[in-house]
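Worksheet for the structure shown next.
Nothing in this text is a laboratory measurement; each read-out follows from the coordinates by a stated rule. Since the structure is predicted, the reported quantities are computational estimates derived from the model, not experimental observations. A quick note on method: Cβ atoms are made from the backbone with ideal geometry, for glycine too, and the neighbour counts reach across all protein chains shown.
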Amino acid sequence: MNIRDENVLRELNLYPLWVRRDAPAAEALEPSAPVAETQAVCRLGGGEADTQQSAMGIVALNPSYVSSLDWNELKEKVHACTACKLRAGCTQTVFGVGDESAEWLFVGEGPGADEDAQGEPFVGQAGKLLDNMRAAIKLKRGNNVYIANIVKCRPPNNRTPEEDEIATCVPYLQQQIALIKPKLIVALGKTAATSLLGREATLGSLRGSVHDFHGTPLIVTYHPAYLLRSPAEKAKAWQDLCFAVQRMSE
């Protein structure tokens, strides 16, 4: 890693947390990432159905017309949606934001309190970290990037969306992906990854590989909210981003 890259990562708060080997146990909050994992350097390169099976195996009603909706129709449908219990407990739906013909699509789990209040995904502290992560690989919100979530409504107390909630909401995301036609999907966290891939797996087993979402490459990394709680894992997230950039340049 050259001096410029090192300074950029420090400034963006993406630099790994180092702990002295002789540090007392109380000071060692998390083991630092291996040196090999911190030295990655990025080089930027150029049918309708009445039911839909969710990633968790639940079959839920799926309006047959969702797959034929254009952007405006889809936004109106999501705005008016009351198909699951989440809508009754949130302020508003959070559709998604960004370049509607973006090459990069970032998918998170669900809106939090800030997102529920503002109606836009990733605007809280986790969103600021995600913006920093993207800036580190020369991506800017709204410019060749689209951001969405697995569910469009905030779960109570920011809990993980339940299986029936995911099954009900995921057709909206699937249609967003069909309209955007991204070149790469970056799944942020286990819920986003397993919901899109349709199978249960650990985050660790999914990282570092290119997966397939109906013909679109998909890469898995940590959710920014997790990185805020576990800053030592930022080095691994940086490695994932470099892997994504490499995949896009191929």
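Observations on the structure shown:
- Cα-projected label distance for Lys85 with Asn158, points at 7 Å along beta-carbon direction, nm: 2.2 nm
- Local electrostatic count, Val170, Cβ distance below 13 Å [Lys/Arg +1, Asp/Glu -1]: -4
- Once both labels are positioned 7 Å from their Cα atoms along Cα-to-Cβ, the gap between Asn143 and Ser230 label points is 3.2 nm.
- Extension gain from Ala117 to Tyr65, taking 0.36 nm per residue of separation minus the Cα-Cα distance: 15.8 nm
- Cα-based shape type of region 100-208, given that a ≥ b ≥ c are square roots of the gyration tensor eigenvalues and the cut on a/c is 1.5: rounded
- Among residues other than Gly110 with Cβ under 10 Å from its Cβ, the summed charge is -1 (Lys and Arg +1, Asp and Glu -1).
- Between Leu179 and Arg199, the contour length at 0.36 nm per residue exceeds the Cα-Cα span by 4.8 nm.
- Straight Cα distances below 22 angstrom link Lys128 to the lysines Lys138, Lys140, Lys152, Lys190, Lys234, Lys236, with same-chain residues fewer than 8 positions distant left out.
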